[in-house]
1. Just subtract the alpha-carbon distance of residue 634 and residue 706 from 0.36 nm times their residue separation and send over the number in nm, one decimal.
2. How big is the stretch 216-376 along each principal axis, measuring the range of its Cα positions in Å and listing the largest first?
3. From the helices alone, meaning DSSP H stretches of at least four residues, give me the mean residue ellipticity at 222 nm for the chain, per-run term -39500 (n - 2.57), in deg cm²/dmol to the nearest 500.
4. How large is the Kirkwood hydrodynamic radius of the stretch 515-737, in angstrom, based on all distinct alpha carbon pairs?
5. Students often check this: by mean Cβ neighbours within 10 Å, which of 68-78, 373-383, 119-129, 509-519 ranks highest, and how do the rest follow?
6. Note the angle between two axes, namely the Cα long axis of helix 693-702 and the longest principal axis of the Cα atoms of the chain, as a number of degrees from 0 to 90, rounded to the nearest 10.
7. Could you work out Rg/(2.2 N^0.38 Å) for the stretch 584-677, with Rg from alpha carbons only?
8. Packing-wise, with mean Cβ within 10 Å as the measure, how do 413-421, 477-485, 673-681 rank, highest first?
């Protein structure tokens, strides 16, 4: 009898999964100069990976019907063939046009990494199948836990270790070496199993059945599908919800995906204790954390961040554990993983593809949380609930009384959230959670009360957004336009970040506000453009926003705006914001990625170039690299100036700009403009770079007593398309200092 050699199979499956989830952020970094860094780009990438994973699992299911030796030989031969495409590079695929990014991004990633990802993704089910070829090997499903440990390690190692230390070329080379190591491990696996089946064997020898023995019917496969779709969709919706309405922190996408992967390791582990414990706690966590799923929080809230990620992890463990309990005999292992992968792809398609087209907010998130509540196992809290479940005389009065009480509490919760009475809000929220727990013996009642909790907590905020403004969702995010009657202004918010304000008073609506006031760095530069560059100065602006900067235009000046999202331009063309129509109606507006457009246009076309293109608080790495600055420098005249907006709550960009300026041989100065609380202005940090010291000296002189500062010490490494990492520049004290 062949020895199972379990450690060898564990190592092979772990290394493959490590490489699989290491290649995802690696490809994202390779594509960053062309795709940007919005959360929806990551969701589109995840959709591609889930589709490729589904294809890989289908391939594993099909070749699983071949004799064992043919499986081994075919898979290793294909892996060796695909190795010829290494090292990883980005495919040369032109864009589909503005507004079609939802299709172009997946197509680009599919063309770039499709074959490699497809074959490696098939290894988790294949290696488990090969492992079970030895009847003495035991249950192969435990190896899937090792697979997801490898995935989790690969995902975290990229932002924490690989990206901060290595340029992209070396990252791709090291990944290719890892691919070779994986191929070598598979050769050892093939040697270990080559004798498990003779050359005439038709199929893999099945291990002794260790799981449910009933036939695999459509109903059971449908349940597998749903149990895998909901956590997958919830992982992506949690990412979007957090970065849109809770906590616009860079690298935040790593946390939901990492916890999602870790949930498989818990749910599929041979030791069942942790999975059972977390599954038992799931209803409590859903009630305490899930009721906030509809909240749209203005500003960061650390406790909501923690509650959201805890909810995702617990729900994913509970649903994956239920799926594990329904697993088939190992002889049908590849079918199980194929259906599970199809469910993951469906969840990803719903969240990453259809939801941005169907909803104007992240409504998929509360819908998926509610679906999770409908699927998690509900355990009885005591014998009294068991008795109520079967006692017709008591059950109906208790349910009716509980639901009436829940509706009353939900109404008062809505009133409290409208008025902002925090102590009453959480008291009522807790009371509703207790009612839901008491009615847990009836799932329909439990779900009704839980839905009332979400509505009570979130309806007031959404009602204000719809009643006093409008909300629009595009591929690049969720934008909310609201009128602030107290301060007499209209505000554009992208996620949790204000991106522009306009005064509603007709006599003052041309006045620059927010980060663009007359004492801000960009205001001083544009306000003195005629003095610095003479009559007819030409100005380029990367990032339209509300169009505030248009009102610095003098009659003889020419302005051109670059905006990647047509929805943003729509706010100006439809009159929601009138800066552009009032002050520069004949200005050019180029729709598309500004860096690509500037690289294709003529050199020396501007006296001033303004770069202000953040996505919520996410850092546009591809706009702050050596290559990007070269494009900006090329677009301005020899005595021109570049103004870059670096206001950010989480990342200190001063050292980054200082390193870029030194590398490019440019002069630089920083202007920090403080704004009082309640002002129509916002505190802003602007850096002005220029090839000539005389231009900077003239700007300082024209600014009068306004203070300009030298940039601090430069970062040790210059950001480039090959290397850029926000982790060394992250303001951890800002994160820790945020109060619930």
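Derivation of every value follows stated rules applied to the coordinates shown; laboratory data play no part. None of these values were measured; they are calculated from a predicted model. Quick reminder, even Gly has a Cβ in these numbers, built from the backbone with ideal geometry, and neighbours come from all protein chains shown.
1. Net length gain for the segment: 23.0 nm.
2. On the principal axes, the stretch 216-376 reaches 51, 35, 27 Å in Cα extent.
3. -18000 deg cm²/dmol
4. Hydrodynamic radius (Kirkwood, Cα pairs) of the stretch 515-737 is 17.7 Å.
5. 119-129, 509-519, 68-78, 373-383
6. 70 degrees
7. 1.14
8. So the peptides 413-421, 477-485, 673-681, ranked by packing, come out 477-485, 413-421, 673-681.
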